[in-house]
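The values are calculated or read from the model by the stated rules, or taken from the named source; none is laboratory data. Because the structure is predicted, anything quoted here is derived from the model rather than measured. Here the Cβ positions follow ideal geometry from the backbone for every residue, glycine too, while neighbour counts run over all protein chains shown. Accessible surface areas use protein heavy atoms only, side chains included; no ligands, DNA or RNA. Shrake-Rupley method; radii C 1.70, N 1.55, O 1.52, S 1.80 Å.
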Amino acid sequence: MPSEQADFVVIGGGPAGAAAALMLRRHVPGRRVILLEAGRHDRPKPGEVLPAVARGLLRQLGAWALFAEAGFVENRTLVSAWTKEQLSEKHSIFSAHGAGWHLDRARFDRLMLQAAETVGSEVRLGSAVCSATRENRGWRLKLADADITAQAVIWAAGRSWGLARHFGAKVIVHGHLAAYARFFDRSPGDCRMIVEARPEGWWYSADLPDHRRVVACLTDPDLGGGLRKADHWYRALAKTQFIARLLPAEARETVSLVKPAGTASVDPAAGERWVAAGDCLFAADPLSSRGIVHALRSGILAAYAASDMLEGREDLARARYSMIATQGFNDYVPALAAHYAAAARWDTPFWQRRLPLKETATARAGHSHFGRRGWVT
Ligand SMILES: Cc1cc2nc3c(=O)[nH]c(=O)nc-3n(C[C@H](O)[C@H](O)[C@H](O)COP(=O)(O)OP(=O)(O)OC[C@H]3O[C@@H](n4cnc5c(N)ncnc54)[C@H](O)[C@@H]3O)c2cc1C
């Protein structure tokens, strides 16, 4: 079986992995960086709304020019029926950061890998890492048809935590949630994202490049099983006040997906010559719209931490990185809880589970949200 050596291997080619590979090559240009991505970024994927604060991160990564050329849809208005049944609108013109974007996610992910290649990272698509074992001071990674040894690894495999036990990490599930999403084409553009709270959970829809639109219902997996079926999903959509109206008669469904979307984190955030980044480090509820920004930011920080590890500052790198990760998670928990509490006006299981712990019977029955108590897997 062929075997290769690299200074750094990045596992996963989403925004976190791409940012890490980019930053490693910019920070320590003489080092060999290999990025291994299991897929090919050729399928639709949810996670479309990129807040305007990403501009600074993309500039820091040297990916801004490529991004600006891509012509993604500007997010001019966020519309929500969240705290009450009426719509409220927030226009980007009143934001100091300006407008964010609605992405074609597969195209964005490919673009970030292209930027990583431009600075000399070796990107391998269709290369899933099956196992990781300690070797000398680094790691031996097994792929289906090859082995790669690395002095340090950045683990950015998104919500695929299959390698957790190989790195000696545990995954803590803080709250379950699933997204039942459908993509449509032939939809007129309006540069808007809309969020609507409903008794069963919440819905969102965003205008996407090329006259496409995504519509998704988010609810707990034990409550939303029926939404996998098209007739159930369309019946629930028809009951929404605002989201259903966004789809014109000529819109045609192209793809449907069901994705996990609850909050989860890994512990520790970094270990012996490895660092977790992006969703793999801490996967946020999509309501927070912070997943991609967190992925880019933690990818950058993971690159610094991993390069410090090779410079003999292992303990400092781990301690500093873990402290930043913990702070990020601690800021998120109350913000998300407050966001849900503001919309909770139904006596349904989804919203009951999101009331403060002491008020709910379901919480006593073991449902855990927003980090009060987690399940270790
Ligand atoms: C329904 C939904 C809506 C969302 N909406 C938004 C939004 O509007 N805005 C926002 O900012 N965020 C949103 N998010 C979150 C956002 O999509 C994620 O936070 C973001 O994709 C995380 O990036 P990542 O690089 O960490 O992981 P990913 O993008 O998941 O990338 C991880 C990559 O690792 C690869 N991989 C996995 N295992 C292996 C392996 N063993 N070997 C090699 N490769 C592997 C995968 O193929 C994948 O490409 C949403 C999420 C969901 C579920």
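So here's what we get for this one:
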quantity: Total residues in segment 261-280, condition near the ligand (Cβ under 8 Å from one of its atoms) and either open to solvent by 10 Å² or more (accessible area, probe 1.4 Å) or closer than 13 Å to ALA325 by Cβ (or both); calculated: 4
quantity: Matching residues, segment 1-15, being surrounded by fewer than 18 Cβ atoms within 10 Å (Cβ to Cβ) and not in a strand (DSSP E or B); calculated: MET1, PRO2
quantity: Residue list for segment 168-190, filter: of a type in the set (S, T, N, Q) and open to solvent by 10 Å² or more (accessible area, probe 1.4 Å); calculated: none
quantity: Residue selected from segment 80-103 under the condition part of a strand (DSSP E or B) and closer than 20 Å to ARG345 by Cα, by the criterion least open to solvent (accessible area, probe 1.4 Å); calculated: ALA81
quantity: Residues of segment 191-213 that turn out to be open to solvent by 10 Å² or more (accessible area, probe 1.4 Å) and in a strand (DSSP E or B), as a count; calculated: 6
quantity: Number of positions in segment 22-79 that are part of a strand (DSSP E or B) and either within 12 Å of the ligand (Cβ to nearest atom) or in contact with a Lys or Arg (Cβ under 8 Å, 6 or more places away or on another chain) (or both); calculated: 10
quantity: Residues of segment 122-148 classified as open to solvent by 20 Å² or more (accessible area, probe 1.4 Å) and not in a loop (DSSP other than H, G, I, E, B), total; calculated: 9
quantity: Residue within segment 104-121 that is buried (at least 20 other Cβ atoms within 10 Å of the Cβ), more than 10 Å from the ligand (Cβ to nearest atom) and under 30 Å from THR240 (Cβ atoms) present; calculated: yes
quantity: Any chance GLU196 is touching a helix residue (DSSP H, G or I) at 6+ places or on another chain (Cβ under 8 Å) and among the acidic types (Asp, Glu); calculated: no
quantity: Only one of TYR332, TYR321 that is open to solvent by less than 60 Å² (accessible area, probe 1.4 Å) and farther than 26 Å from ARG105 by Cβ; calculated: TYR321
quantity: Out of GLY47, GLY71, sole residue that is touching a helix residue (DSSP H, G or I) at 6+ places or on another chain (Cβ under 8 Å) and at positive phi; calculated: GLY47
quantity: Identity of the residue in segment 149-167, part of a strand (DSSP E or B) and not hydroxyl-bearing (Ser, Thr, Tyr), that ends up most open to solvent (accessible area, probe 1.4 Å); calculated: GLN151
quantity: Subset of segment 214-224 (residues that are of a type outside the set (Ser, Thr, Tyr) and either surrounded by 24 or more Cβ atoms within 10 Å (Cβ to Cβ) or at pLDDT 95 or above (or both)); calculated: VAL214, VAL215, ALA216, CYS217, LEU218, ASP220, PRO221, ASP222, LEU223
